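First the structure, in the form of structure tokens, and then the observations on it.
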Amino acid sequence: MIPKIAPYPMPAQWPENRVHWQLRPERAALLVHDLQLYFLNYFAVTQMPIPQLLSHTAQLLDACRELGIPVFYTAQPGNQSPKDRALLTDMWGPGLPDDPAATAIHPSVAPQPGETVLTKWRYSAFQRSNLRERLNDQGRDQLIICGVYAHIGCQLSAAEAFMQDVQPFFVADALADFSEEEHLQALNYVVARCGAVMGTAEVVRALHNGPLTRGALRAELATALNLSTDDLDPAADLQDLGLDSIQLMLLLERWQTRGLQVTYGDVAVSPTLDTLWQGLPE
Ligand SMILES: C=C(O[C@H]1C=CC=C(C(=O)O)[C@@H]1O)C(=O)O
């Protein structure tokens, strides 16, 4: 069974990455792995590392939502039938009861409307789910992974992402595990065998400060307009889509720090994606 988990400090350092992948907002998706009350309740949730796990996951969610990066959750179902659960029962017992007090995702990091919650049947989020297809459909080949438990489902989801040509970014201080030792073991495994390990602050910086591309700008604009990127016609007048001048000025300011040469005067009369895109790489 899952052990009662003693508090331990959130790792503050981890080994150097072997790979030199660049995390990009237009390539990335976020996986919030099994942050259900059932699995969190084996911790003393008010003690380390859980407050940091939840606050760092919230920071990742804020950044991804602001930048139009797709968010995926996994959540294991309650009352799994013996047929569905199979060998997990031999290892872990019957699993979650069919009770929201167990199956619900922690309210501080709960899914928002439109975000995907994948039903989780095995350690890896890719097993018996269409996660790979969904990433493909959205042109995402980088997966940011946070949640519990680091050395089980988080690590195996990272390994399976790697085996399916998706670059896993394992967020060292947005994970938790049965012990500090197993948490660190998971970080060492991912660094050495299947992915990149980064801290939450580093992930948020990489997502916000990378060189601006047309894809990244379109995703941020679509999010600001509460549209899907496909619904954002490059020739459409953004004022007609609800973008006001203050929003436009704030977005331009942020994009100019990332290399956009366009000024408010250049686009104010008829702001379209096409005019904003001037001079930006694809
Ligand atoms: C949170 C996870 O759930 C697994 C680990 C312990 C117990 C489990 C269970 O009762 O089914 C899960 O298989 C994970 O894969 O990291």
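Brief remarks on what is shown
- Helices (runs of 4 or more DSSP H) within the range 75-167 that include 3 or more residues open to solvent by 30 Å² or more (accessible area, probe 1.4 Å), more than 10 Å from the ligand (Cβ to nearest atom) and farther than 17 Å from C194 by Cα: 82-85, 100-103, 131-137
- Restricting A222, A236, A196, A216 to residues that are under 14 Å from I145 (Cα atoms), open to solvent by less than 30 Å² (accessible area, probe 1.4 Å) and hydrophobic (A, V, I, L, M, F, W, C) narrows the list to A196.
- Test for L227: is it out of contact with any Lys or Arg (no Cβ under 6 Å at 6 or more places or on another chain), without any contact (Cβ under 8 Å) to a residue 24 or more places away in the chain, surrounded by 13 or more Cβ atoms within 10 Å (Cβ to Cβ) and part of a loop (DSSP other than H, G, I, E, B): yes
- Top-ranked residue of the range 43-65 - restricted to ones that are aliphatic (A, V, I, L, M) and over 21 Å from T223 (Cβ atoms), ranked as most open to solvent (accessible area, probe 1.4 Å): M48
- Here the condition is being of a type outside the set (D, E, K, R) and under 26 Å from the mean Cα position of the chain (by Cα); of L248, L252, L243, it holds for L252 alone.
- Pairs, first free of Cβ contacts under 8 Å to residues at least 60 places away in the same chain in the range 10-33, second part of a loop (DSSP other than H, G, I, E, B) and open to solvent by 70 Å² or more (accessible area, probe 1.4 Å), C-beta under 7 Å, six or more apart: none
- Considering the conditions (1) in contact with a Phe, Trp or Tyr (Cβ under 9 Å, 6 or more places away or on another chain); (2) assigned by TED's automatic domain parsing to the domain that holds Q47; (3) touching a residue at least 40 places away in the same chain (Cβ under 8 Å), E220 is excluded by exactly one of them, (2).
- Residue count, the range 173-185 (criterion: more than 13 Å from the chain's Cα centre (by Cα) and either surrounded by fewer than 24 Cβ atoms within 10 Å (Cβ to Cβ) or assigned to a strand (DSSP E or B) (or both)): 9
- Checking each residue in the range 24-42 for being open to solvent by less than 10 Å² (accessible area, probe 1.4 Å) and either at pLDDT 95 or above or within 12 Å of the ligand (Cβ to nearest atom) (or both) picks out A28, A29, L30, L31, V32, H33, D34, L35, Q36, L40.
The values are calculated or read from the model by the stated rules, or taken from the named source; none is laboratory data. This one's a predicted model, so the numbers in the text were calculated from it and none came from an experiment. No Cβ is skipped: glycine too gets one built from the backbone with ideal geometry, and neighbour counts run over all protein chains shown. The accessibility values were calculated without ligands, DNA or RNA, using every heavy atom of the protein model including side chains. Shrake-Rupley method; radii C 1.70, N 1.55, O 1.52, S 1.80 Å.
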